[in-house]
Amino acid sequence: MNEILSHLGIEVCSEAEAGVDVEVEETGTTFEENSLLKAEAVMKASGMPAIADDSGLCVDALNGAPGVYSARYGGPELDDTGRYRLLLENMRGQTPRTAKFVSVITCCFPNGDVISARGECPGTIAFAPMGEGGFGYDPVFFLPGLKKTFAQLTPEEKNAVSHRGKALEAFQVKLEEYLKKN
């Protein structure tokens, strides 16, 4: 984020660096709603523009699940490995195995303005975990075009194709347009 926004003269700091510690309950039913809830809460607490994202995995055969509940899929007792194992169990015998990672980045300004951008990365759910990198569902999210899971990609490869990378690209364009107008 800093790398992308620094050329616009914008310095990005964490909540802690801004002296803010906000726990936001993600009550939205969409990535857009949750991203907005988080950005709005930090903006109100800090009095500064705030950027937040919400992201997750949407699996077609599971009617879009785990979706906005990706980080909580299966309950609080499961870790990343437990969540993707549960996903694989729930996918047993399911076709198609198509899925997508989604990321929504939102910036809220104290004057009430809001900028939001969405990025998606299509793929499929692998039949077994592969790779040691990444986190979350990365070992089971397979990119047919690259013949690798997210967990098998280098950080550079992942950034080039990921939902978050695409959302950041779109966000940068929207922010540049906003700054030109304001």
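Taking only alpha carbon atoms, region 105-170 gives an Rg to Rh ratio of 1.12, where Rh is the Kirkwood radius. Calculated mean residue ellipticity, 222 nm, the chain: -10000 deg cm²/dmol, from DSSP H runs (n ≥ 4) at -39500 (n - 2.57) each, averaged per residue and rounded to 500. When you filter the trypsin sites (Lys or Arg not before Pro) in region 1-107 for DSSP loop state and at most 13 other Cβ atoms inside 10 Å of their Cβ, you are left with 92. Springs join every pair of Cα atoms under 10 Å in this Gaussian network model of the chain, and among 129, 49, 96 the largest mean-square fluctuation is at 96. Our estimate of slack between residue 147 and residue 12, defined as 0.36 nm per intervening residue step minus the Cα-Cα distance, is 45.1 nm. Among the GluC sites (Glu not before Pro) in region 1-36, those located in a DSSP loop and surrounded by at most 10 other Cβ atoms within 10 Å of their own Cβ are 11, 17, 23, 25. The distance from the alpha carbon centre of region 136-178 to that of region 50-109 is 15 Å, rounded to a whole number.
Exposed loop sites here are chymotrypsin sites (Phe, Trp or Tyr not before Pro) assigned a DSSP state other than H, G, I, E or B and surrounded by at most 12 other beta carbons within 10 Å; excluding them, the longest clear run of the chain is 1-126.
A DSSP coil position with no more than 10 other Cβ atoms inside 10 Å describes the following trypsin sites (Lys or Arg not before Pro) in region 101-182: 147. For region 1-140, the spread of Cα coordinates along the three principal axes comes to 51, 30, 24 Å, biggest extent given first. May I ask for the percentage of alpha-carbon pairs in region 1-56 that lie more than 18 Å from each other? For region 1-56, the share of Cα pairs beyond 18 Å comes to 38 percent.
Structure remark: mean-square fluctuation, Gaussian network model of the chain, C-alpha springs under 10 Å; the largest value among 59, 42, 22 belongs to 22. Our estimate of slack between residue 44 and residue 160, defined as 0.36 nm per intervening residue step minus the Cα-Cα distance, is 38.5 nm. Backbone N atoms of region 1-22 closer than 15 Å to the 7 Å Cα→Cβ label point of residue 180 belong to residues 8. Near residue 101: Cβ cut-off under 11 Å, other residues only, Lys/Arg at +1 and Asp/Glu at -1. The net charge is +2.
Bear in mind these aren't lab numbers, they're just calculated from the coordinates by the rules spelled out. All figures in this text were calculated on a predicted structure; none of them were measured in a lab. Quick reminder, even Gly has a Cβ in these numbers, built from the backbone with ideal geometry, and neighbours come from all protein chains shown.
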